[in-house]
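Encoded as structure tokens, the structure appears first; notes follow it.
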Amino acid sequence: MKKDLLLVASVFFLMSVTAITGVHAFEEKAKTVTISKYEGDVTGDGINETIQLKGVPYQGNDKYLKEIYIDISTEDDKKYTMPLDSGSKASLKLVDLNKDGVKDLFANVLTGGRGGEGITLNYLYTLKDFIRKDLTVPEPLEIESMYEDGYKAKITIGLTGKTYLFDLKDRKKYYKKLGFYYKGKLNEPMELTVNSFNSLKPVKLTTGEFILKGIQRITGIANADNIAYVESTWKYGDGKWNFSTANVQTKKES
């Protein structure tokens, strides 16, 4: 009788261990997801590498990736990894931005926000001659901002010195209710919120070369209080990003 009980217990234990091991293996396998995959020459040797953008979701929340990285495999099985920051979405493009004849790796990570209004973190790497190098990306424009009397606001872009005025009378009732204005006068000085890039992407010119175009959102007393979108363009040259143009709009381009 004791031998029978011992045998049953042993079988049950082995089944439990097998089941747990199987579940653990499934979790390990499911832990990493491939966001996108490309075949392209990013080293300049004339042979395509396999480039994958991968992510690791938070446990129980597959809408947010706690780890994001670029994984590159060469024909001779060499591996290169480029870690990125965590975020809700990520994208990768292979494009020659530094004009050396070899495609670079340009990645975006969306950190939050809805309807494309979140902040993006941006990365640019080259693997030319199998040497990894961070080419960096442009810094967002420095912009001074301020509410004005009469339900108005203004911004001044540091690199151009240009000032732009905005009529916010359509928000008069809202601002007045919150106590920011009294009889059209500001109760105290108030700045707008100048956000970092909520978009930064490569754009191909008619000449065939690529530039970067960034969009920064200017908001008022709340994140949904959109006032303006500042678009800037940047060209790579002499080992750095050089500012080209700035354009201000009250509505986001579709």
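Quick notes
- Note on residue 152 and residue 58: with the Förster distance fixed at 51 Å, the Cβ-Cβ geometry gives a FRET efficiency of about 0.70.
- Nearest-0.05 FRET efficiency for residue 33 and residue 165, computed from C-beta distance (R0 41 Å): 0.30
- On Cα atoms only, tilt of 2-31 relative to the major axis of the chain in degrees: 30
- Scattering profile of the chain at q = 0.14, 0.15, 0.16 Å⁻¹ [log10 I(q)/I(0), Debye over alpha-carbon scatterers]: -1.01, -1.09, -1.17
- In a fully extended conformation the segment linking residue 172 and residue 81 would gain 27.6 nm over its present Cα-Cα distance, using 0.36 nm per residue.
- Under 5 Å between amide hydrogens, built in the peptide plane, is the criterion, and for residue 148 it picks out 153, 154 among residues at least 5 positions away or on other chains.
- Whole-angstrom Cα spans of the stretch 55-164 along principal axes, big to small: 67, 43, 16
- Maximal additional length on extending the residue 250-residue 142 stretch stands at 37.1 nm, based on 0.36 nm per residue less the C-alpha distance.
- Build a GNM of the chain with springs between Cα atoms under 10 Å apart, and of 188, 39, 231 the one that fluctuates most is 188.
- Computed about the Cα centre, the dipole magnitude for the chain is approximately 1280 debye when only Lys and Arg (+1) and Asp and Glu (-1) carry charge, each at its Cβ.
- The chain: calculated mean residue ellipticity at 222 nm from DSSP helix runs of at least 4, using -39500 (n - 2.57): -5000 deg cm²/dmol
- The stretch 121-167-the stretch 171-195 distance, computed between alpha-carbon centres (Å): 25
- Sorted largest first, extent of the stretch 143-249 alpha carbons per principal axis (Å): 54, 24, 20
- Distance violations [Cα-Cα > 27 Å] among 63/176; 79/99; 54/201; 66/251; 54/128: 63/176; 66/251
All of the numbers you see were taken from the coordinates with simple rules; none came from a lab. Because the structure is a prediction, the values reported are computed rather than measured. Here the Cβ is made from the backbone with ideal geometry for all residues, glycine too, and neighbour counts use every protein chain on show.
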